[in-house]
Amino acid sequence: MSPEQVGRSSGDHVASGEAPALLDVSGDDPVAPDDVAERVERMLLGRPASMGRREVTEGAGVGALTARRFWHAMGFQNVTDDEAMFTEADTQALRRVAQIIDEGRLGRLYHFRGTYLQDWVADPNVPLYWRLQKEKAGSGALGDIASHSLDLAHYLVGPVTEVSAALETFVKERPLPDNPKKKGRVTVDDASASIVRFENGALGTIEASRFATGRKNYNRFEINGSKGSIAFNLERMNELDVYFTDDEKRVQGFHNIMVTEPEHPYFKAWWPAGHIIGYEHTFVHTVYDLLESIAKNKMPTPNFEDGVKNQKVLAAMEKAAATRRWVAVK
């Protein structure tokens with residue numbers, strides 16, 4: 001989880017009717033479990049919509065092209081200007097994103113460089129765990145850890161339109177967990193490397209490996225733009241490295257920011273500035289985001305649609321690796 005997060009709103013919205021509150025505690029009658037489940041499902045899948053695309057963009061004060069780019073990145077379906085597919089919450093979300101993007105601190109985005117490296121199976125004597133069997137795990141490093149880098153790429157840069165990829169299994173057989181004297185075949189990839197093209201013209205690379213000796217959970221990304229760059233490493237999750245081309249030349253260069261001020265996302269609920277948080281706190285943030293969405297009756301993110309979007313690109317990467325060709329994401 002990146003220390004810098006922007007509120008997102010996404011998904012298919014209910015075309016008509018008011019979405020009820022999750023629980024109505026104003027009366028004396030208990031809420032039936034089935035009714036609660038129905039309300040939760042409705043809240044997660046969408047909310048009442050009464051605003052068209054043109055109305056939202058005008059309310060947010062942004063251009064239609066900019067709005068379409070944001071909404072595509074957030075997973076909205078394509079609609080006409082006047083279809084009632086949005087709510088006031090979407091206007092607020094768009095306004096927040098627009099304010100950040102309009103600062104133009106990175107300028108035009110050129111590159112996304114995502115790397116997720118581990119080394120927990122580099123030893124050939126590691127047994128044939130379920131994660132190394134396609135019929136149980138689905139895929140190896142690609143689906144297990146490259147998927148995280150890809151999700152960050154979608155969130156920070158935008159939709160991926162085309163991919164090329166290579167997959168490799170370095171250790172073909174491993175000892176069986178219940179009988180180490182016998183070996184079984186590894187049926188997933190140990191490493192993946194992909195080149196991706198984004199809808200906005202940026203070029204990206206996404207690398208994942210379980211054989212990067214010395215790397216335990218090295219989840220890092222770097223974004224390069226015409227006006228600056230930003231880099232984040234999960235193993236140093238309280239820090240950001242930033243570079244801006246408009247800094248004074250004599251002090252220009254990457255500099256490190258400790259993102260522990262109350263102005264930074266989530267930190268006002270934790271400790272004084274400089275008192276870092278850890279990996280476990282990110283799960284508290286996840287619960288907070290979900291509960292906030294429930295309380296405000298808005299779409300939580302990431303959601304199932306984000307997962308489907310990610311899976312489509314992963315499937316294209318598998319196909320690209322098998323065919324040794326560029327594959328369009330459909």
Note to self: Please compute the length gained on full extension between Leu290 and Glu261, using 0.36 nm multiplied by the number of residues separating them and subtracting their Cα-Cα distance.
What the structure shows: 8.1 nm
Checklist line | Average silhouette area of the range 109-328, convex hull of alpha-carbon atoms, in square nanometres | finding: 15.4
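Quick one: order Val186, Val160 by neighbouring beta-carbon count within 10 Å, fewest to most.
With the sparsest Cβ surroundings first, the list reads Val186, Val160.
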Notebook entry, point to check: Given the pairs Lys134/Lys172; Lys136/Lys172; Lys268/Lys309; Lys183/Lys216; Lys134/Lys182, which span a C-alpha to C-alpha distance of over 22 angstrom in this model?
Noted result: Lys268/Lys309; Lys183/Lys216
Item checked: Quarter of the Cα convex hull surface for the range 124-241, i.e. its orientation-mean projected area (nm²) -> 8.7
Next item on the list: Distance from a point 7 Å along Cα→Cβ of Asn179 to each backbone N in the range 128-155: keep the residues under 17 Å and list them by number.
Entry: 128-129
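Run the dipole for the range 175-329 about the Cα centre, Lys and Arg Cβ at +1, Asp and Glu Cβ at -1, nothing else charged, and hand back the magnitude in debye, nearest 20. The partial results should precede the final answer.
Working: 21 positive and 20 negative charges, 188 e Å.
Roughly 900 debye for the range 175-329.
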Next item on the list: Evaluate the relative contact order of the range 174-330 (contact order divided by residue number), counting alpha-carbon pairs under 8 angstrom at least 6 apart; express in whole percent.
Entry: 9
Notebook entry, point to check: Is the shape of the range 143-204 rounded, prolate or oblate, going by the alpha carbon gyration tensor and its root eigenvalues a ≥ b ≥ c, with a/c under 1.5 for rounded and a/b larger than b/c for prolate?
Noted result: prolate
Next item on the list: Pop the C-beta distance of Val126 and Glu248 into the FRET formula with R0 = 56 Å and round what comes out to the nearest 0.05.
Entry: 0.65
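Bear in mind these aren't lab numbers, they're just calculated from the coordinates by the rules spelled out. Given the structure is predicted, the values throughout are model-derived calculations rather than measurements. Glycine also receives a Cβ, built like all others from the backbone with ideal geometry; neighbour counts cover every protein chain displayed.
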